[in-house]
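Presented below is the structure to which this report refers.
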Amino acid sequence: MSRAADRLKVVLNHLDRSHGAVRASFTSAQNVSYHHHPQAFQYTFDTDLLTPEQRIAYEKDGFILIRNLVSDEDIDQFRKEFERICKREVKVPGLLVMRDVSIAKSEFVEGEKAVTKLQDFQEDPELFRYCTLPQILKYVKCFTGPNIMAMHTMLINKPPDTGKKTSRHPMHQDLHYFPFRPADRIVCSWTAMEKVHRENGCLVVLPGSHHGTLQEHDYPEWEGGINKMYHGVRNYNPDHPRVHLEMEKGDTVFFHPLLIHGSGMNQTKGFRKAISCHYASSDCYYIDVKGTTQENISNEVKELAAKKYGVDDTISFQDTWALRGRLVQGERTSM
Ligand SMILES: CCCCCCCCCCCCCCCCC(=O)SCCNC(=O)CCNC(=O)[C@H](O)C(C)(C)COP(=O)(O)OP(=O)(O)OC[C@H]1O[C@@H](n2cnc3c(N)ncnc32)[C@H](O)[C@@H]1OP(=O)(O)O
Ligand SMILES: Nc1ncnc2c1ncn2[C@@H]1O[C@H](COP(=O)(O)OP(=O)(O)OP(=O)(O)O)[C@@H](O)[C@H]1O
Ligand SMILES: O=C(O)CCC(=O)C(=O)O
Ligand SMILES: [Fe+2]
Ligand SMILES: [Mg+2]
């Protein structure tokens, strides 16, 4: 059977399962088209890259793991640049260096051992190269379409837990931080910079949780302290099946911004490293979060931005994003 016919067969099976009710109206394969069933694929575009199975998996689970997508050479270069930044050999405009709350409150620690996260590295050409890697953008396009903005960049250096469990990241939905929509045109790429497993606190996801809505987020009531802005979902179902995403260096997971995820404690002596970027279609639009569950994070971000950029707090939540977003493909149409 031809490749096209193969794809059609898998898609038909998917339609069968997800649209049993409309199934009766199909008389032959020729009747199946987007126009009849715009809901069949809500989360992905057909760009000839994802196999039908992969598309269906993302629709169903809200994430897809691609093995060995980023080369060791590239990752080693990102790691070197990270070290240069920690040693203050380079100064990057707009970069936020975040320390773990329990490390910040204990003795003075120098260099990369103090750093839990670099945020907003869009002005560092070497790290930002990650966001422009063609093999990443090829996948991103399946979720965002052709006009692509890199909205948020992070290098996470999850420290060995100090015993206070502050190295955990509570379960959350990234959309909580974003005043733009539609959610389905936003995707995160997260690449392991070394082997990540349960011991060093790999990502933990609740498959299918992206089918739900944005939940209320707040600081969890954890005794040992919680890092600034690490909000968690208030009431997620503890019985929802979870998947621990164990990954090798270079493996990359793409996930939906409503997918509930977090990461456990790092119980090893090493710093667990990952690099990530949140992409959005530049056709997305900003929303006003006033009166919504996002108002709490909006206030925190505005306060931080006012301090960081030395502006007053009339800077809007949307502005903080418009300032940081960078076009990486196509045209900057709206964002
Ligand atoms: C436009 C501006 C930037 C916008 C921010 C980005 C928004 C997030 C977008 C994320 C979208 C992606 C999707 C989800 C991601 C989820 C996240 O990762 S959210 C986490 C991101 N969080 C941050 O980036 C935190 C930002 N960091 C800071 O604000 C600062 O690092 C700081 C925590 C305020 C500390 O800075 P500084 O004042 O320079 O530090 P110190 O002088 O050493 O300490 C002062 C004070 O603060 C305590 N402290 C230090 N580190 C932390 C910490 N990590 N958490 C909590 N508290 C901390 C420290 O102990 C001191 O306290 P004291 O009581 O005064 O002694
Ligand atoms: N009390 C809690 N409230 C909310 N989230 C939590 C809580 N405890 C852990 N988490 C979060 O749950 C996720 C998974 O944590 P963790 O890896 O410890 O899971 P686990 O199922 O206990 O796995 P393991 O047995 O490997 O430790 C992380 O995001 C973590 O931050
Ligand atoms: O522990 C991690 O690397 C995941 C962090 C995360 O989910 C986030 O920063 O949004
Ligand atoms: Fe996240
Ligand atoms: Mg655990």
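The values are calculated or read from the model by the stated rules, or taken from the named source; none is laboratory data. As the structure is a computational prediction, the values presented were derived from the model and not from experiment. Using ideal geometry, Cβ is built from the backbone for each residue, glycine included, and neighbour counts are taken over all protein chains shown. Accessible surface is based on the protein model in full, side chains and every heavy atom, while ligands, DNA and RNA are left aside. Shrake-Rupley method; radii C 1.70, N 1.55, O 1.52, S 1.80 Å.
What strands (runs of 3 or more DSSP E), lying completely within the range 92-166, carry at least 1 residues that are free of Cβ contacts under 8 Å to residues at least 24 places away in the same chain and either touching a His at 6+ places or on another chain (Cβ under 8 Å) or among the basic types (K, R) (or both)?
96-99
I need every pair where a residue in the range 308-335 that is within 18 Å of Y286 (Cβ to Cβ) has its Cβ under 7 Å from the Cβ of a residue that is open to solvent by 70 Å² or more (accessible area, probe 1.4 Å) and at pLDDT 95 or above, sequence separation at least 6 or different chains.
Listed by first residue and then by second, the contacts come to T333/D283; S334/D283; S334/Y285.
Can you work out which of the residues in the range 229-245 that are aliphatic (A, V, I, L, M) and within 11 Å of ligand 3 (Cβ to nearest atom) is least open to solvent (accessible area, probe 1.4 Å)?
Top of the filtered list is L245.
Going by the structure shown, is K269 modelled with pLDDT of 95 or more and either open to solvent by 40 Å² or more (accessible area, probe 1.4 Å) or part of a strand (DSSP E or B) (or both)?
The answer is no for K269.
Looking at E199, E248, which one is within 11 Å of ligand 2 (Cβ to nearest atom), of a type in the set (D, E) and either in contact with an Asp or Glu (Cβ under 8 Å, 6 or more places away or on another chain) or open to solvent by 40 Å² or more (accessible area, probe 1.4 Å) (or both)?
None of the others qualify; the one that does is E199.
Those residues that are closer than 22 Å to D124 by Cα and at pLDDT 90 or above, I need them from the range 305-330; list them, please.
If the condition is that a residue be closer than 22 Å to D124 by Cα and at pLDDT 90 or above, then D319, T320, W321, A322, L323, R324, G325, R326, L327, V328, Q329, G330 are the ones that fit.
Is it true that A274 is surrounded by 15 or more Cβ atoms within 10 Å (Cβ to Cβ), within 14 Å of ligand 3 (Cβ to nearest atom), among the small types (G, A, S) and touching a residue at least 24 places away in the same chain (Cβ under 8 Å)?
Answer is yes for this residue.
Go through the range 261-292 residue by residue and tally those that are more than 12 Å from ligand 1 (Cβ to nearest atom) and aliphatic (A, V, I, L, M).
Matching residues across the range 261-292 total 4.
Please indicate, with yes or no, whether at least one residue in the range 99-109 is acidic (D, E) and open to solvent by less than 10 Å² (accessible area, probe 1.4 Å).
yes
Can you tell me which residues in the range 272-293 are away from ligand 4 (no atom under 16 Å from the Cβ), touching an Asp or Glu at 6+ places or on another chain (Cβ under 7 Å) and assigned to a strand (DSSP E or B)?
Listed by number, the list is empty, since nothing qualifies.
State all residues of the range 246-260 that are hydrophobic (A, V, I, L, M, F, W, C) and within 16 Å of ligand 1 (Cβ to nearest atom); if no residue qualifies, say none.
Answer for the range 246-260, where residues must be hydrophobic (A, V, I, L, M, F, W, C) and within 16 Å of ligand 1 (Cβ to nearest atom): V253, F254, F255, L258, L259, I260.
Within the range 120-178, take every residue that is at positive phi and modelled with pLDDT under 95 and give me the one that is farthest from ligand 4 (Cβ to nearest atom).
Here the answer is G163.
So N296 ticks every box in (1) touching a strand residue (DSSP E or B) at 6+ places or on another chain (Cβ under 7 Å); (2) more than 30 Å from L50 (Cα to Cα); (3) not in a helix (DSSP H, G or I) but one. Which box is left unticked?
The failed condition is (3).
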